[in-house]
Amino acid sequence: MPARRRRGFLLTVEGVDGAGKSTQVRRIASLLKRSGLLVTVVREPGGTRLAERIRRLLLDFRSAELADPAELFLYLAARGQLFAEVIEPALRRGELVLCDRFTDSTLAYQGHARGFAEPLLRKLNDLSTADRRPDLTILLDLPLSVSSRRKGRTPDRLESEKIRFYRKVQAGYRRAARREPRRIVTVDASGDADAVFAQIKAVLERRVLGRLRR
Ligand SMILES: Nc1ncnc2c1ncn2[C@@H]1O[C@H](COP(=O)(O)OP(=O)(O)OP(=O)(O)O)[C@@H](O)[C@H]1O
Ligand SMILES: [Mg+2]
């Protein structure tokens with residue numbers, strides 16, 4: 001499949017804060033590299049000089065201080081730069097690009113949770129990625145009860161605001177997965193890291209590695 005190989009493969013990992021994305025991305029990268037693939041790993045926001053500076057801005061200003069459109073445009077600016085500078089060239093070289101968060105984060109956080117219209121966000125996402133969309137997305141789905149247990153505390157009153165937000169983000173991700181069941185594969189992220197990875201590995205065998213061996 002030379003044409004397909006030249007296009008590369010864009011694999012993204014999504015899920016709410018603390019779902020285990022970065023933990024699993026490390027494991028996925030090492031499995032795919034051991035299988036002989038050329039893999040470029042990136043995380044959003046970040047990955048270029050400009051995007052890392054934007055990441056710092058987003059961390060410096062808590063979301064309470066950032067107007068929603070400002071937050072949206074900062075994420076999109078970081079993605080636009082990362083895509084042009086790192087992702088697109090790697091895909092052109094035929095590599096597999098593995099992203100820790102990508103366009104579905106915008107749909108879940110800025111869309112379902114902050115209330116921007118989904119068709120608008122899809123257009124802006126496409127603009128930031130020159131119309132390239134992920135070939136496969138692993139959604140780590142974590143029940144709220146497990147997440148607060150992982151954080152090791154029961155939510156106080158201030159936290160309940162965050163929990164409402166978190167619920168909306170989670171609902172946004174689940175809706176995206178229902179809409180695009182072929183692209184977005186939902187993985188139960190409530191087990192230990194080995195159990196979660198075993199499910200991901202089965203998906204990668206079927207959708208990435210199995211195809212390349214054929
Ligand atoms: N399956 C798991 N079971 C229990 N703890 C886990 C599991 N996976 C990751 N953790 C722990 O939970 C915390 C969050 O994991 P991780 O940083 O991978 O999540 P993340 O989705 O990348 O979070 P963020 O959205 O904040 O970047 C870490 O302390 C990690 O060691
Ligand atoms: Mg992370």
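The values are calculated or read from the model by the stated rules, or taken from the named source; none is laboratory data. Owing to the predicted nature of the structure, the values given are computational and were not obtained by experimental measurement. Note: ideal-geometry Cβ built from the backbone for every residue, glycine included; neighbour counts use all protein chains shown.
Worth pointing out:
- Counting the residues of the range 27-51 that are surrounded by 15 or more Cβ atoms within 10 Å (Cβ to Cβ) and either more than 11 Å from the chain's Cα centre (by Cα) or more than 16 Å from ligand 2 (Cβ to nearest atom) (or both) gives 15.
- Qualifying residue in the range 99-109 (condition: of a type outside the set (A, V, I, L, M, F, W, C) and in a loop (DSSP other than H, G, I, E, B)): yes
- All positions within the range 181-208 that are assigned to a helix (DSSP H, G or I), in contact with an Asp or Glu (Cβ under 9 Å, 6 or more places away or on another chain) and of a type in the set (Lys, Arg): ARG207
- Test for PRO134: is it over 19 Å from ALA29 (Cα atoms) and either in contact with a Phe, Trp or Tyr (Cβ under 9 Å, 6 or more places away or on another chain) or in a helix (DSSP H, G or I) (or both): no
- Restricting the range 175-201 to residues that are within 16 Å of ligand 1 (Cβ to nearest atom) and surrounded by fewer than 17 Cβ atoms within 10 Å (Cβ to Cβ), the residue that is nearest to ASP141 (Cα to Cα) is ASP188.
- Here ASP17 passes the criteria (1) at pLDDT 95 or above; (2) at negative phi; (3) within 13 Å of ligand 1 (Cβ to nearest atom) except the one numbered (1).
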